[in-house]
Amino acid sequence: MFRNSYDSDNTTFSPQGKLFQVEYALEAVKQGSAAIGLRSNTHAVLLTLKRSTGELATYQKKLIRIDDHVGVAIAGLTSDARVLSNYMRQRAMQSRMTYGRATPVARLVQSIADRAQTNTQEYGRRPYGVGFLVIGKDETGPHLFEFSPAGTAFEYYAHSIGARSQSAKTYLEKNYHLFPNASLEELINHGLSALHDTLQQDKHLSSLNTSIAIIGPAEGQGVEDVSKSAAAQRGGFRVWENEGVEGILRGWRRSRGEPEEGPEAEGESQAEASAEGQNEGGAGQQEGQLPAEDVTMQE
């Protein structure tokens with residue numbers, strides 16, 4: 001990349017009015033795998049595409065639980081995401097211990113935006129190389145925010161970040177008028193379609209490379225079994241991945257008129273495929289239904 005006298009630190013503006021170190025941090029977000037966020041009048045949803053660093057490595061987790069009412073999807077440097085997510089947890093815990101209530105989602109997002117903005121104006125620091133999509137729910141309803149390394153935070157009905165996110169944005173812009181009144185299942189299907197558009201032509205969504213998180217009440221009619229999910233009863237943040245996503249993917253493929261049994265994910269070895277058997281993740285879950293139990297994120 002071309003270097004000049006204005007990209008050696010993050011406190012000097014170029015003649016074009018740019019801070020090059022901030023521009024480079026924004027580029028780091030674009031290099032991360034895609035993350036999609038959507039919200040309706042009752043729910044907020046995150047969908048992420050996981051990557052594997054090699055055939056012998058597991059897929060990296062992209063969804064992080066902050067509190068019962070807040071969670072994030074990341075794109076960019078995982079180490080920076082860990083630092084910022086820990087800071088968000090501290091702020092959320094401080095609010096519960098001091099005031100006995102959950103932190104408003106907008107205030108929590110603004111706190112990390114202020115922290116990131118400080119790094120853009122003090123010499124000797126570098127901007128964070130990670131972007132967040134934040135979903136949460138408070139007394140004003142569900143929310144979706146985007147946080148960027150420039151120290152900005154904006155609320156959206158739908159948004160995407162990461163590699164080839166423009167393809168997802170095109171889908172979201174065409175269908176955003178359907179999101180406010182969409183059911184949980186419809187909202188997830190829209191998110192999967194947008195996430196699918198970020199893939200290369202020879203790649204496919206599977207239970208190994210797809211993660212889904214939601215906030216909002218569980219819906220009836222078999223969409224989610226409230227009796228087996230404490231997080232669903234509270235309407236809190238819950239994550240599904242691996243075999244928990246397979247039933248959702250089958251229902252999404254059926255809605256698109258595609259074969260319900262999709263191809264294997266990129267990077268899955270033959271040994272893994274044979275160990276899992278003929279059909280992955282289908283035992284005990286009806287097609288098109290969301291899984292019953294929530295999965296707690298472990299960093």
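Numerical summary
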read-out: Residue under evaluation Ser40, criteria (1) over 27 Å from Tyr156 (Cβ atoms); (2) in contact with a Phe, Trp or Tyr (Cβ under 7 Å, 6 or more places away or on another chain), criterion not met; value: (1)
read-out: Residue within the range 8-25 that is outside any strand (DSSP E or B), within 21 Å of Arg234 (Cβ to Cβ) and of a type in the set (D, E, K, R) present; value: no
read-out: Residues satisfying the stated conditions in the range 133-144, i.e. in contact (Cβ under 8 Å) with a residue 40 or more places away in the chain and more than 15 Å from Leu63 (Cβ to Cβ); value: Lys137, Asp138, Gly141, Pro142, His143
read-out: Among the candidates Tyr59, Tyr6, residue that is surrounded by fewer than 16 Cβ atoms within 10 Å (Cβ to Cβ) and either without any contact (Cβ under 8 Å) to a residue 60 or more places away in the chain or farther than 18 Å from Ile214 by Cα (or both); value: Tyr6
read-out: Out of Gly37, Gly71, sole residue that is within 17 Å of Asn209 (Cα to Cα), in a strand (DSSP E or B) and in contact (Cβ under 8 Å) with a residue 60 or more places away in the chain; value: Gly37
read-out: Candidate set: the range 164-183, residues that are crowded, with 19+ Cβ neighbours inside 10 Å and among the aliphatic types (A, V, I, L, M); chosen: the one nearest to Glu122 (Cα to Cα); value: Ala168
read-out: Some residue of the range 51-62 being of a type in the set (A, V, I, L, M) and either at pLDDT 95 or above or in contact with a strand residue (DSSP E or B) (Cβ under 6 Å, 6 or more places away or on another chain) (or both); value: no
read-out: Answer residue from the range 96-121, given it is in contact with a helix residue (DSSP H, G or I) (Cβ under 8 Å, 6 or more places away or on another chain) and more than 25 Å from Leu38 (Cβ to Cβ) and is modelled with the highest pLDDT among those; value: Arg115
read-out: The range 77-98 residues that are in a helix (DSSP H, G or I), paired with ones that are charged (D, E, K, R) (beta carbon under 6 Å, 6 or more apart); value: Ala92/Asp67
read-out: Condition met for Ala75 (within 19 Å of Phe145 (Cα to Cα) and either among the hydroxyl-bearing types (Ser, Thr, Tyr) or modelled with pLDDT of 95 or more (or both)); value: yes
read-out: Selection from the range 45-59 of residues that are in a strand (DSSP E or B) and either under 22 Å from Val70 (Cβ atoms) or aromatic (Phe, Trp, Tyr) (or both); value: Val45, Leu46, Leu47, Thr48, Leu49, Tyr59
read-out: Thr42 part of a strand (DSSP E or B), in contact (Cβ under 8 Å) with a residue 40 or more places away in the chain and of a type in the set (S, T, N, Q); value: no
read-out: Subset of the range 125-160 that is of a type in the set (Ser, Thr, Tyr) and within 15 Å of the chain's Cα centre (by Cα) - its residue that is nearest to Ala34 (Cα to Cα); value: Ser160
read-out: Enumeration of residues in the range 27-42 that are over 10 Å from Val130 (Cα atoms) and buried (at least 19 other Cβ atoms within 10 Å of the Cβ); value: Ser33, Ala34, Ala35, Ile36, Gly37, Leu38, Arg39, Ser40, Thr42
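The values are calculated or read from the model by the stated rules, or taken from the named source; none is laboratory data. These numbers come from a predicted model, not from an experiment. Cβ atoms come from the backbone with ideal geometry, glycine included; neighbour counts cover every protein chain shown.
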